[in-house]
Amino acid sequence: MGKLLGLTLLSLALAITGCKGQDTTKRLKLAHTLDTSHPVHQGMVAMAERLNTISGGELTIDIYPSGQLGSEREMIELLQIGSLAMTKVSASPMESFVPEMKVFSLPYVFRDEDHFWRVLDSDLGKQLLVAGERVRLRGLCYYDAGARSFYTTDRAINTPADLEGLKIRVQKSQTAVEMVSTLGGSATPISFGELYTSLQQGVVDGAENNPPSFYSSKHYEVSKYYSLDEHSYVPDMLLVSAHVWRNLSAQHQQWLQQAADESVPVQRALWKQQTEKALAEVQAAGVTVIYPDKTLFAQQVSPMHSALEGTPVGELLNTIKSL
Ligand code: GCU
């Protein structure tokens, strides 16, 4: 117990630097897996700049992009022990830590963008954002991560039957595994950082993601088809270690939350522009973009919704559908 406490205190010192003598300045480390050209990274840069301004340089953030500090799951665990102050992850891997998060990885939950944001901005969305506090993961805001769709190295996906027998990379999420299996594919969880090589070497036949991630990861260089079935809208989440949060003064907490809140509209605007750009660029690079009949995919995965009836996630799902 004493050893564990010692380790946590040491970790905390590594996650937050500063606090020497009278110096009240603090630098927080924020690590994530995306490329610096990605609109979610740029949203976080806007947040860090804003924090620097409103705090007069007293509270600052150093960003470590491109998976330098590990996979999303690893970074979530670093936050839990206080070794890393902040991360940005998809809500998908969060479901292993906060079971209610599963609702975001279910296919065909949201009717459209408006519905998605109405839910995230609602009291329910806000409750889900901070639900991870009990496992030492405090959400600061959601970022737009659009709709996820399949891309494949050399077979066009027009209907779910085309997924039959294909190895499809998914995030570390049981719900994503179930979704791909229900559609007839063979789900293979792999970290984002290892995916380019896995596609190139044929370890998997495809994956699924939003257009800016498909583009900025360069996965389009090794995938010929992008089939916009838009099976899920999984938000990205900006998280702070609850240990780190509790060790910030009330003023620092307020500045950090304000900077995160103010970066949300900036990121959403960047998202729109860069989704269009990404689709145009991948087509220019020779990727065939397919617009399949989404209802075929939605029908095939509908048992995933009915199987949840009477469970807490099923109730959440019903509430979300009614909003
Ligand atoms: C999206 C999301 C990332 C996630 C990635 C993935 O790009 O923004 O947080 O890592 O999907 O599929 O792993």
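Read the figures in this text as sums done on the coordinates, not as results from a lab. Please read these numbers as outputs of a predicted model, since none were measured by experiment. Reconstructed Cβ throughout: ideal geometry from the backbone, glycine too, with neighbour counts over all protein chains shown.
Length gained on full extension, T25 to A298: 93.2 nm, using 0.36 nm per residue less the C-alpha separation.
Extending 7 Å from the Cα toward the beta-carbon at both N158 and V130 defines two label points whose distance is 5.1 nm.
Scalar couplings 3J(HN,Hα) for segment 183-189, obtained by applying the Karplus form with A = 6.51, B = -1.76, C = 1.60 to θ = phi - 60°, are 8, x, x, 10, 6, 10, x Hz; x denotes Gly and Pro. For segment 132-148, backbone phi angles converted through the Karplus equation (6.51, -1.76, 1.60; θ = phi - 60°) give residue-by-residue couplings of x, 3, 5, 10, 6, 10, 9, x, 9, 6, 9, 10, 5, 10, x, 10, 9 Hz, Gly and Pro being listed as x.
Each residue of segment 315-323 was assigned a 3J(HN,Hα) from its phi angle through the Karplus expression (A = 6.51, B = -1.76, C = 1.60, θ = phi - 60°), giving 5, 4, 4, 5, 4, 4, 4, 7, 7 Hz with x at Gly and Pro.
Over the Cα atoms of segment 35-77, what is the Rg over Rh ratio if Rh follows Kirkwood?
Here the Rg-to-Rh quotient is 1.04.
Semi-axes of the equivalent ellipsoid for segment 74-227, computed as √(5λ) from the eigenvalues of its C-alpha gyration tensor and ordered from largest down, come to 28, 18, 14 Å. For segment 138-214, the alpha carbon positions stretch 39, 26, 21 Å along the principal axes, listed from largest to smallest. If you plug the beta carbon distance of A307 and K272 into 1/(1 + (r/R0)^6) with R0 = 45 Å, you get a FRET efficiency near 0.85. Taking 1.567 mPa s as the viscosity and 4 °C as the temperature, the Stokes-Einstein diffusion coefficient of the chain based on its alpha-carbon Kirkwood radius rounds to 64 µm²/s. On the principal axes of its alpha-carbon atoms, segment 173-312 has extents of 50, 45, 29 Å, going from largest to smallest.
Annotation for segment 148-170 versus segment 92-108: alpha-carbon center distance of 22 Å. Placing dummy labels 7 Å off each Cα toward the beta-carbon, the span from E77 to E194 is 1.3 nm.
Taken about its Cα centre, the chain carries a charge dipole of roughly 860 debye when the Cβ of each Lys and Arg holds +1 and the Cβ of each Asp and Glu holds -1. Scanning residues 5 or more positions from S186 or on other chains, those with amide H under 5 Å from its amide H are G165, L166, K167, I168, with H placed 1.01 Å from N in the peptide plane.
Once backbone amide H atoms are built at 1.01 Å from N, E95 has no partners under 5 Å, excluding neighbours fewer than 5 places away on the same chain.
Can you tally the net charge around E194? Count Lys and Arg as +1, Asp and Glu as -1, for every other residue whose Cβ sits under 13 Å from the Cβ of E194.
Working: positive: R73, R169, K172; negative: E72, E74.
Neighbour charge sum, excluding E194 itself: +1.
Which pairs break 27 Å Cα to Cα here: K172/K224; K102/K224; K26/K277; K29/K167; K102/K277; K167/K321?
Details: K172/K224 24 Å; K102/K224 30 Å; K26/K277 37 Å; K29/K167 35 Å; K102/K277 30 Å; K167/K321 31 Å.
Table pairs above 27 Å Cα-Cα are K102/K224; K26/K277; K29/K167; K102/K277; K167/K321.
For segment 186-247, the Kirkwood estimate of hydrodynamic radius, built from reciprocal distances between every pair of different alpha carbons, is 13.8 Å.
Approximating the spin labels as points 7 Å out from Cα along Cα→Cβ, the S122-to-Q258 distance works out to 3.0 nm.
Residues considered: A161, A284, A147. Largest GNM mean-square fluctuation over the chain, using C-alpha springs under 10 Å, is found at A284. Projecting the Cα atoms of M94, L59, T153 onto the dipole axis of the chain, where Lys and Arg carry +1 and Asp and Glu carry -1 at the beta carbon, places L59 farthest toward the positive end.
Per residue, the convex hull spanned by the alpha carbons of segment 31-127 comes to 136 Å³.
Under 5 Å from the amide H of A145 lie the amide H atoms of D236, each residue being 5 or more positions distant or on a separate chain, with H modelled from the backbone and absent for Pro and chain starts.
So what's the back-of-envelope 222 nm ellipticity for the chain, counting only DSSP H runs of four-plus at -39500 (n - 2.57) apiece and dividing by all residues, rounded to 500? Calculated at 222 nm, the ellipticity per residue is -14000 deg cm²/dmol.
So for segment 177-299, taking the charge dipole from beta-carbon charges (+1 Lys/Arg, -1 Asp/Glu), which of L239, N209, T295 sits furthest toward the positive end? Looking along the dipole axis, the top candidate is L239.
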